[in-house]
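Undergrad: Structure provided below as C-alpha cells; questions to follow.
The values are calculated or read from the model by the stated rules, or taken from the named source; none is laboratory data. All of these numbers come straight from a predicted model, not from anything done at the bench. With ideal geometry, Cβ positions are generated from the backbone for all residues, glycine too; neighbour counts draw on all protein chains shown. These area figures cover heavy atoms from the full protein model, side chains too; ligands, DNA and RNA do not enter into them. Shrake-Rupley method; radii C 1.70, N 1.55, O 1.52, S 1.80 Å.
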Amino acid sequence: MKTIILAAALRLFFPLFIFFSFYILIRGHNHPGGGFIGGLILVIPFIFHVLIHGAKETQEKLFLKRVYSLRRKEQESDLGYSIRNIGYRLRGLIPWYSRQDKDRVLVKQYVIEPLHIIPVGLSLSLIAGILPLFLGEAFLTGVWAKAALPLIGKIGTTLLFDIGVYILVSAVVLKITMEMSKS
Amino acid sequence: MIFIIIAGLIIAFLAPLLHRLLGKFIAVPMVLLPLGMFAYFCTFISPVLAGQPVLQEHSWVPALGVNFQFLLDGLGLFFALLITSFGVLVMGYAGSYLKGDEQLGRFYLYLTLFMTAMIGVVISNNILGLLVFWELTSISSYLLISYKHKYEVARASALQALLITNGGGLCLMAGLILLGIAGDSYAITELVQLRPELLAHDFYLPVVLLIMLGAFTKSAQFPFHVWLPNAMAAPTPVSAYLHSATMVKAGVYLLARFTPMLGGTEVWNYTIMAVGATTAVVGAFLALQQLDLKAILAYTTISALGSLVTLIGIGSTFALEAMMVFLLAHALYKGALFMIAGTVDHATGTRDTTKLHLLGRRMPMLAAAAVLSSLSMAGIIPFFGFIGKELLYEGAFEAPSYAMPLTIGIVFSGIAFVAVAMRLGYGIFFRKSAHEATAIGHAPEPGLWLPPLLLGIAGLVFGLLPNLTVTPILNAAGVSIAGAEAGQLELALWHGFNPILLLTILTILLGIVAYVFTNVFTTWPVHLERLYNIGPGQLYYFFKRISARGAKGLTGSVQSGYLRYYVATIIITFIFLVIGAILQENLYAVITRDTWIKAFSEIRIYEYILLILMVPATIYVSQTNSRLIAITTMSLIGYAIALAYIFFGAPDLAATQFLIETLTAVLFVLVLHKLPTLRTIKTYRANLASITLSTVFGATMAYVMVMVRQFPLDSELKAYYGEASWLEAKGRNIVNVILVDFRAFDTLGEITVLAVAALGIFSLLNLYPEKGDQL
Amino acid sequence: MDLIFTIAVGLLFAASLYMILHRHLFKLIVGLMVFGLASNLYVFAIGRLTREQSAIIPGDADVAFEPFADPVPQALILTAIVIGFGLQAFAIVLVKRLYQVSDSEDIDELKNTDKIDSTEK
Amino acid sequence: MQLQDNLLLLLPMLVPFIGAVLCIFCWRAIVIQKIIALLTQIGLTGCSIWLLQHVVQQGIATIQIGGWPAPFGITIIADLFSCLLLTAGALAGLAVIIYSFYDLDKPRIRFGYYPVVMIMQMGIGGTLLTGDLFNLYVWFEILLICAFVLITIGGTKQQLEGALKYVTINLIASGLLLVGIGTIYGMVGSLNMAQIAVQAQNLPHMQGLFVVASMFFIVSVGIKAAVFPLFFWLPASYHTPPIAISAIIAGLLTKVGLYVLVRLFTLIFKVEPGFTTDVLLVMAGLTMVVGVLGAASQNDYRKVLSFSIVSQIGYMLMGLAIFTPLAIAGSVYFIMHNMLVKTNLFLVGGAVAQEQGSFNFRYLGGVYKKRPLLAIIFFISAMSLAGIPPFSGFWGKFMLAKAGFESGFYTIAGISLGAGVITIIYLTKIWNQVFLKDKSKDIPVNLLHKQPFKKMLQLPMLLLLTVILALGIFAEPFIHLTMQAAEELLHSEIYINAVLKEN
C-alpha cells in the first residue's frame, strides 16, 4: 500500500486530524464526542502511516527522537560553545525551525514508546479522581474552576479525566496496531 | 483435662526436635508423657468410684456448639487408663524397636498425636468434640500405617484404612449432626436424659444406622474388616497399640457410650448382634488359615472385636459388664502378643510361622511372656483371659434371644483362639520339629521383651486377684453403660460346675485338635480362592478399580477437549434454564396480541434498510469461505448497527461503533495473512445440530426481549440524568457526562481494561519460547 | 419498530453461536465479535427506543425534555464496546499466535490440555 | 471524616491501581517493580484489615463515587461478607507475590506480570466492594482481561491452547452478563443493586421476569464461578501457566464469581423454594460430584487441584441453595478458607516442581523425606481442604452439612459428605505420589536439569499456613463473623438501608 499519493495526502492530513481530534475531545461535554472518540480519531493518521509505511518506518519517522549538538569548532572557548549549543538545542525543540546542520553530532536518540504513554493516561484520569479528595469531595467528583478559558470553556476535573481517556485510548490503539503490524 | 490434650499435642509436635536433640534417648520423655497422664487420670479414680463423674467444660467454637466438654465417668476413666498405660509400654517398646531409625522423631509425633486424640475420644462429652478427636485418630493411624512409605504396600494399606475409617467417620458425622438436631443438644449427659424423645424421633433410625456405620468401620466389623489385616504394614508397636488395644476399640467404646442413649431397641440390638457374631466367626475362621504372625493376630483381633460387639448387641446388663471384662483381657494378651511378634520379627527377620522354630532357647524371657499371654488368650485358668472368656460365654449363653446360635459362634471363635494361642505360645517357641532352631540375628534387648512380659504378668495377677485390682473400675464402667443396677460384679476364677465350664473344656479340647490340624487350615486357601474373590477384600479393590475407571471415563467425556461441546453445553443449559423459568412462571401467557401488534407497528421505511443490510450480511458472514469477505460483511453488520444508533438518537454511540468497527477491520487486515484460511470443516449432521441450537438460542433471546419490552419502563436514572446533567454536572451531552462524571468509575475501569489488553497483546507477540527467551 | 430489533438481535445471536460452534479458529473469532455486537444491540433495544431526539440538552434549556433517548443504555454500551474492543483485539492476537504454534485451524485438534494422560511435564 | 471514609473504601482498589501504574512506568526495572509490588500488596492487606475492622465495629460502610446520591451514582459498599473475602484475597495475593520473587522467570516479569497481577487485585477489590450492577460488569471484565493476559503470558503452546477455551467461554459469559444487566435495566430502570432490590419488591407483575433474568446471571456468573455444567474452561486452562499465576487465579477468581452469585441471590433475586432452589441444588450437587471424580482421575498435580476447585465450588453453591443463616455462613466461611488453602496447595506444587522439574506424578516423588517442612505444609493444607478437624475445612463442611440436615435437604448434605471421601482419595493420591513414593528411576533427561531449591519459597506458604491454622483452630471469632455476615446477607434491608439512607 505504499502509494505516493496516499503518503503525500497523509502528510497533509496529519495536523488536521490532530486538531480535529482535540476539538472532538473538548466539545464532548456538550456535543457528541469526547475523550474516547477523540482518541480514536487521533490515531487514524498514525494507523494510516503504519499501513502505508509499515510499523518500523513509522517508529523511525514519528517516534524516534534524536537530540543533536553542534560540533565544536576548533579553538572555541567552552563558554562560547555552550552558548551556541544551548541556542541550537532550544531551536531544535521547534520542529519546523530545526536546522539540518552538517556539523552536528548525535548526542542520544530515544524512541517514544506508546507503552510509556499508557500509564500517563491512566494517571491523569486517576489524578482527576483523587484531586477532589483533597478538597473534601468524593472520589471522581467533578470540580470546576471559577473562570472559563476562551475556546475551551469551563475547566474542570472531568476534562482532565477525559484527557486521560483520550491519551490512553490513543496510546493503546497505537501500541496494538504497531505491535500487530510488526509481527 | 484440657491441658492433658494440649500437653499431648505440644509434646507430639516437639518430638522431631527432641529426636534431633536427644537421639535415641528420645524414648525417655516420650514414655514419661503417658506415664504422667496415667498418674493424672489415677487421681480421678476415687471420685469416679464414688459415683461422681467429673465434668469439665472449655468453650471452643460455641457458635456451632462444638466445645471441649470433658466427662470422666467409669467408662471414660477405664479407657483413659487403658490408653495411657498401654501408651507407656508401647512408647518404650517403640524406642527399642525402631532404634536408629532416622524418622523416629516423626514416628513419636504421630504416635503421641494418636494417643492424645484417643484420650480425647474417650473423655469427650460433646459429641462433636468426640468427632473431632475421632477423625484425628483416623489421620494419625493413616500416618502410622504409611510410616514405611517407601513400600507400595504400606501406602496402599494406609489409604485403605483411611478411606474405610474416614468414610465411616463421615457417616458418624452425619449421624451426630442428626442426633444433635433431634435432641437439640450436643452433650452426651443431656442426650441420655432425652432417651424417650430420641427413640420416638423420626431421625432415630438414620441416626442409629449412621453411628453404627461409624463404629463398625472403626472396629473392623464385617464387611469393613478388610483394612485391619492390611494395616499390619505398620511397624509393630503401632499394631500393638492402635490395631489391637486401643483404636479399634474406639468403635466398641462408641457403641457402649451410646447404649444408654439409643440402645435397647430391636434395630439396635439385632443389627449389632448380627454384625458382631458374623465378624467373630469370620475373623476366627480366617485367623486359622494365616501363616504370618501378625496376620494371625490381626484376624483374631477382628474376631475378638466381633465378640465384644456381639455382647453390646445382646445388651443385657450382664452382657455389657462381661464386655468390659473381656475387653480388658483381650487388650492385655493381644497387646503383648503383638509386641512378641514384633520382637520375633526384629530378631529373626521373618514373621512366617512355618520358618520359625524353637525360639524359646535363645529368647527365654520372650518365651515366658509368650507363654503367659497365650495361656491368657486360650482362656486357661488362672489367667485373666479365663475370666474374660467365661463371662463372654455366659453372656452369649444367657442372651435373651438367639442364645443358641450366638453361643455356637462365640465358642467357635474361642476354639480358634485356643488353636492360635498354641501356635504362638508353643508352636514357634518350643515345639520339637525336624527343623533347626531359627537363626537369631541379635538377642533382643530388654526394651523388646520387658513390656510384653509385664503385660503377661498383669494378665496373671489380674486373674488371680481380680477384685483387688480391676473389678472396681470395671464395675464403674459397667455403671456408665448399663445403669445403676450394674456394678455388682464380683469376678472370680471359679464359678462352680455349670454349662459354661463344659463349654470351656470343649473349647480347649477342640482347640488342641484344631492346632494339630493346622496344616489343613493353612493349605485351605488354595481351594477357597474363588470364595475369597467375592469377599469384601476383593470387593474393595473391585470397587476401587471400577470407580477409578468410571471416574476416568466420566471425566474424559465431560472434559472432552472439544470446545464446541463446551459451548453447546453451556448454551443448552442456558436455554433450558431460561425456558424452564418461563414455563415455571407462566410467562408465555403474558405475551398478548397487543404485544405482537406493538412489535410490528410503526416501522418507518428507512428503517427497513437496517434489515435489508443486516439479514443477508449475517447469513453471508456465517457461510462464506473467504476471510476478506467475512471481515467486510462483519464490518457491514457493525455499520448497520451504527446506523441504527443514529436513527434512535445515539450519535456518540454511532461514532464509536463506526470507529471501532473500522479499527477492528484494520487489525484483522494487519494479521490476515497470519490467520488461517477459511474452509468448511463441519459434517452435515453437526451442521444441522448447530443450526437448530443457534436458532433456538436466537429465538430465546428475542423472546425474552419481547417479554421485557411489553412493560413500560420508568427509568429514574434517565429522569435524574436529564435534569442534573447541565445544572449540576455542567454538560449538555448527557452520555458524555455519564461517562466522565456520573459513572466515571466505569470509565476508569474501562480504560484499565484497554491498558491491560495492550500489555497482553504486547507480551503475546513478543514473548514466546521459540523467540529464545528462556522460560 | 420493535420488530426490527427483535429480528436483528435474534438473528445476530443465532449467527454468532453458529459460527462459534463451527470448528474453525477464524470463524470462532468472528462469531465472538458478532456475539458482542448482538449483546450491545440487545441492551440498546431493551432500554426502549426513542427516534431522533438524542440525549443532548439543547442550548436554550436547562434540562432535557421528554421524549429524549435514554442515555443510560448508551453509556453502558459505549463502555461495553470499548471493553469488547480490548478483549477482541486480544482474542485476535491469541488466535493468530495459536495458529502459528499449532499450525491447525481445526479447534477439535486443540485438546491436548484437557486430556487426562497428556504427556506434558 | 469524609476523606477517611472515602479512603477506607477506595484504598483496596486504588492501592493496587497506583502500584500497577507505577510498575508500568518502571517497565524495564524489574527490581523496582518487585519492590513496588511487595509494598502494594502489604498496603492492600493492611487496608483490607483496616476496612474489616471498621466494618466489624461500625457496620456497613458506603461511599458514593463522584458524590452523586445513591441510586444515581456508583455506590461503593463494604459489608462483612465482602470485607472478609477481601482480606482473605489480599493475604493470598501477598503470599503469591512473595512466592513469585523466587519462582517466576525473568521474561514473564519483564512482560508485565506485576502490573497485571496488581490490576487483577484491583479488580477483585472492585468486584467485592461495588454496589452497582454495571460497575460489577466492568470489574468482571478487568478480572477477565487480567486472567487472559496472565494465562497467556509466556506464550507456550499449552498456555495458548488453554487460553483459547478460557477466552471463548468467558467472552460468552461476559456477553450474557451484559445482556442480563440490560434486561434488569429494561425492567426496573436502575443499576444500583439496592435500588433494584427495592424495585423487585415494588413490581409484583415482574416477579416472573425476575426469575427469568436471574437465569441469565446464574449462567453468566456461574461460568465465572466454574459451576457444573459451565466449568469446562477451568480444567482446560488453569494448569497451563506457571504456578505463581495459577495460584493467584485459582485461589481467587472463581471465588469472586461465587461471591457475586451469593450477593445477587441474597439481595436481588431471593432464593425461594421452587425453580431457583432446585436449579441451584442440582448444580451444586453435580458440581461437587463431577469435580471430585475429575480430580480423582487426574495424574498431574495441577490438574488434580484444578478439578478440586470445581468440586469445592459446589459446596459454596450448596450453602446458597439451602439459604438458611447457617448455610450462608457456611458458604462464606468455605469461600474464605478455600481462597487461602487452594492458593497454598498450588504454591506447594510450584515449589515441588521447581526442584523436580515436573508436575506429573510419574516423575515426582520423595519430597516427604527430602523436604519435611514442605510436606508438613502440604499435609496440613490438604487436611484442611479435606475437612478433617480441627482444620479449617471441617468447619465449613460441618456448617453446610448441618444446615442441610436441619432444613431437610438430606440428599445434598449426604452428597457433600460423600464427596468428602473422594476428596480424601485425591489428596492422598497426591500425598502418595509426590511425597511418600520414592522418585522413579527413569526420568526423561529434559526434566533432570532442575533448579536448586530455594528455601525462601516456603516463607509465603508458612504465612498462609499460619492463617489457615488460625482459621481452623481458633475458629470461633471467624465463625462468629461469618454468622454475622450471613445475617446481614439474609436481611437485605440492612444493606438496602445503608445504600439508600439519604433518601
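Undergrad: Given the Cα atoms of chain D, and with Rh set as the inverse mean 1/r over their pairs in the Kirkwood sense, what is Rg to Rh to two decimals?
TA: The Rg/Rh ratio comes out at 0.95.
Undergrad: Setting aside same-chain residues fewer than 8 positions from residue D:501, which lysines have a Cα under 18 Å from its Cα?
TA: Qualifying lysines at Cα under 18 Å: none.
Undergrad: Tell me the Rg and the Dmax, in Å, that the Cα atoms of chain A produce.
TA: Just the Cα atoms of chain A yield Rg and Dmax of 20.6, 64 Å.
Undergrad: Output the pairs from A:56/D:34; A:182/D:157; B:544/C:111; A:56/A:175; B:718/D:270 with a Cα-Cα distance over 23 Å in this structure; if there are none, say none.
TA: A:56/D:34; B:544/C:111; B:718/D:270
Undergrad: Moving on. Can you list the residues of segment C:79-93 that have at least 30 square angstrom less accessible area with all protein chains present than in their chain by itself, probe 1.4 Å?
TA: C:79, C:80, C:81, C:82, C:83, C:85, C:86, C:87, C:89, C:90, C:92, C:93
Undergrad: Can I ask one more? Mind checking the alpha-carbon convex hull of chain C and giving the volume per residue in Å³?
TA: It is 142 Å³ per residue.
Undergrad: Turning to a different aspect of this structure: I'd like to check one number: the per residue accessible area of segment B:291-403, probe 1.4 Å, reported in Å² as a whole number.
TA: Heavy-atom SASA per residue in segment B:291-403 reads 22 Å².
Undergrad: Same structure again: In square angstrom, what is the accessible area per residue of segment B:563-721 with a 1.4 angstrom probe?
TA: The answer is 44 Å² per residue.
Undergrad: For chain B, would you read off the P(r) tail past 37 Å as a percentage of all alpha carbon pairs?
TA: 55
Undergrad: Could you tell me the center-to-center distance, by alpha carbons, between segment B:439-482 and segment B:276-296 in angstrom?
TA: First find each Cα centre; the distance between them is then 23 Å.
Undergrad: On to the next question. Taking the highest mean first, how do the peptides B:72-80, B:584-592 order by number of other beta carbon atoms within 10 angstrom per residue?
TA: So the peptides B:72-80, B:584-592, ranked by packing, come out B:72-80, B:584-592.
Undergrad: In the P(r) worked out for the protein assembly as shown, what percent of Cα pairs fall beyond 65 Å?
TA: More than 65 Å apart: 24 percent of the Cα pairs in the protein assembly as shown.
Undergrad: Moving on. D plus B alone minus the pair: what accessible area, both sides summed, probe 1.4 Å, in Å² to 100?
TA: For chain D against chain B, roughly 9500 Å² becomes buried.
Undergrad: Helix D:243-267: angle to the longest alpha-carbon principal axis of chain D, degrees 0 to 90, nearest 10?
TA: 20
Undergrad: What aspartates and glutamates does residue B:99 reach when the alpha-carbon gap must be under 17 Å and sequence neighbours fewer than 8 apart in one chain are set aside?
TA: Reachable aspartates and glutamates: B:345, B:445.
Undergrad: In chain A, what percent of the accessible surface is made up of carbon and sulfur (1.4 Å probe, ligands and nucleic acids excluded)?
TA: About 67 percent, which is the carbon plus sulfur part of the accessible surface.
Undergrad: How much accessible area per residue does segment B:26-134 have, counting only protein heavy atoms and a probe of 1.4 Å, in square angstrom?
TA: 26
Undergrad: So which residues in segment A:1-34 end up with at least 30 square angstrom less accessible surface once the other protein chains are there, compared with the chain by itself, probe 1.4 angstrom?
TA: A:29, A:30, A:32
Undergrad: Right, here's the next one. Kindly express, to the nearest 10 degrees and within the range 0 to 90, the angle between helix B:152-183's C-alpha long axis and the longest C-alpha principal axis of chain B.
TA: In chain B, helix B:152-183 runs at an angle near 80 degrees to the longest axis.
Undergrad: While we're looking at this one, here's another question. Report, as a whole number in µm² per second, the diffusion coefficient that Stokes-Einstein gives for segment D:352-493 at 25 °C and 0.890 mPa s using the Kirkwood radius over alpha carbon pairs.
TA: Rounded to a whole number, D works out at 140 µm²/s.
Undergrad: Taking N as the number of residues in segment B:1-203, what is its alpha-carbon radius of gyration divided by 2.2 N^0.38 Å?
TA: Computed over Cα atoms of segment B:1-203, the ratio equals 1.12.
Undergrad: Then there is this: Please list, or write none, the lysines whose alpha carbon is within less than 21 Å of the alpha carbon of residue B:249, excluding same-chain residues fewer than 8 places away.
TA: Partners found: B:218, B:294, B:334, B:389.
Undergrad: Still on this structure: Ranking request for peptides B:463-473, B:559-569: highest mean number of other beta-carbon atoms within 10 Å first, then the rest in descending order.
TA: B:559-569, B:463-473
Undergrad: Another question, if that's okay. With solvent modelled as a 1.4 Å probe, how much accessible area in total do chains B and C shield from it at their shared surface, in Å² to the nearest 100?
TA: 9600
Undergrad: Using a 7 Å offset from the Cα along the Cα-to-Cβ direction at both residue B:153 and residue D:286, what is the distance between the two label points in nm, to one decimal?
TA: 4.5
Undergrad: Sticking with this one: How far, in degrees from 0 to 90, does helix B:716-727 lean away from the longest principal axis of the Cα atoms of chain B, to the nearest 10?
TA: 60
Undergrad: Which percent of the accessible heavy-atom area of chain B goes to carbon and sulfur, probe 1.4 angstrom?
TA: 67
Undergrad: Also: Tell me the total accessible area that A and B bury against each other, 1.4 angstrom probe, in square angstrom rounded to 100.
TA: 3400
Undergrad: Is the shape of segment B:563-721 best called rounded, prolate or oblate, per the rule: a/c under 1.5 gives rounded, else a/b larger than b/c gives prolate, else oblate, with a ≥ b ≥ c the square roots of the Cα gyration tensor eigenvalues?
TA: Here segment B:563-721 falls in the oblate category.
Undergrad: Residue separation times 0.36 nm, minus the C-alpha to C-alpha distance between residue B:266 and residue B:365: what's the value?
TA: That pair, residue B:266 and residue B:365, stretches by 30.7 nm at full extension.
Undergrad: For every helix of n ≥ 4 consecutive DSSP H residues, a contribution of -39,500 (n - 2.57) applies; sum these over chain B, divide by its total residues, and give [θ] at 222 nm rounded to the nearest 500 deg cm²/dmol.
TA: Estimated from H runs of four or more residues: -24000 deg cm²/dmol.
Undergrad: Further question on the same structure: Pop the C-beta distance of residue B:688 and residue A:182 into the FRET formula with R0 = 51 Å and round what comes out to the nearest 0.05.
TA: Using R0 = 51 Å, I get an efficiency of 0.75.
Undergrad: Counting partner chain Cβ atoms within 10 Å of every residue's Cβ in D:358-369, what's the average?
TA: 2
Undergrad: Continuing with this model, one more query. Which of the listed residues, B:289, D:68, B:704, is farthest toward the dipole's positive end in the protein assembly as shown, when Lys, Arg count +1 and Asp, Glu count -1 at the beta-carbon?
TA: The one lying farthest along the dipole's positive direction is B:289.
Undergrad: Something else: Rounded, prolate or oblate: which fits segment B:78-185 when a ≥ b ≥ c are the square roots of the eigenvalues of the alpha-carbon gyration tensor, with rounded for a/c under 1.5 and prolate only if a/b beats b/c?
TA: It comes out oblate by the Cα gyration axes.
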